[in-house]
Amino acid sequence: MALLFIPLLLTGCSANTQGDGFFHQLVVSPLTHLLEFNAQIFNGNYGLGIILATLLLRFLLLPLMAKQYKSQAEMKQKMETIKPEVAAIQEKLKKATDMAEKSELQQELMKLYQTQGINPLNMGCLPMLIQMPILMGFYLAIKGSAEIATHSFLWYSLGDADIIMTLIAGAVYYLQFKMSMSQMPAEQQGQMKIMGLISPMMIMFISFSAPAALPLYWSTSGLFLIVQNMFLRKKYNPKRVVIPSLQSEPSGKK
């Protein structure tokens, strides 16, 4: 849901692309220097500089994303374990007509989740919240850079909006979302289906009027996430995830 506030934040920030405030000094200025340094590595190619900066930032976020992915894998495995009990309670909820009975069944369902340490509403928003200031910093660094504004990369100008890059960014993030959905428990999948459409739509909405350097950042970031999810899916396969809370329970089966 945090992505829904990005257009308002970017609109408010765009009025002052050059400043000496706390956010500018802490985020925008370092990102500006990083983009300029990377461009120098590639003989003044700011497109490659943006790609390299995006990859560096994604690698820095990788440990946090890996921890989140492992938690989701554990939650999915726990949800599969209690699936019959959950289905039975949900069936009773469908048939219940009394509000008191429905409330009691909902409490019973939440208690079942709590006994296994499951929080179905845990969407893992922390990585998204961390990315928001980075995204705003990139936006302001790009808007405030005279070099990027006049630089071309591939077929487009980095300082002007480009419809092709806009569509690419939206398509990449939609594909990335579809891949990540498979790792979520069924309860989360239902809640996140709408977000799967809103996210790429908002990305395209912003990119339509933003410098093409921004959808370039998004496309690179989305492709990295696709590869990252493939790697983490292989590493944290459900059969290989260790769940202490479940393994500690006595069982006659092996």
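Step by step: first the residues of the stretch 180-220, then only those that are small (Gly, Ala, Ser) and part of a helix (DSSP H, G or I), then the one that is modelled with the lowest pLDDT. Which residue is that?
Taking the candidates together, the pick is Ala186.
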Whether any residue in the stretch 56-65 is of a type in the set (D, E, K, R), touching a residue at least 60 places away in the same chain (Cβ under 8 Å) and part of a helix (DSSP H, G or I) is what I want to check.
yes
Against the conditions (1) farther than 25 Å from Ala73 by Cα; (2) at pLDDT 75 or above; (3) in a helix (DSSP H, G or I); (4) acidic (Asp, Glu), where does Asp160 fall short? Just the number, please.
(3)
Any residue in the stretch 136-148 that's basic (Lys, Arg): show its pairings with residues that are in a loop (DSSP other than H, G, I, E, B) at Cβ separation under 6 Å, as long as the two are six or more apart or on different chains.
Lys143/Thr17
Reported set for the stretch 18-39 where residues are surrounded by fewer than 11 Cβ atoms within 10 Å (Cβ to Cβ) and in a helix (DSSP H, G or I) is Phe22
Could you list, in sequence order, the residues of the stretch 68-91 that are among the charged types (D, E, K, R) and modelled with pLDDT of 75 or more?
Glu85, Glu91
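The values are calculated or read from the model by the stated rules, or taken from the named source; none is laboratory data. As the structure is a computational prediction, the values presented were derived from the model and not from experiment. Glycine also receives a Cβ, built like all others from the backbone with ideal geometry; neighbour counts cover every protein chain displayed.
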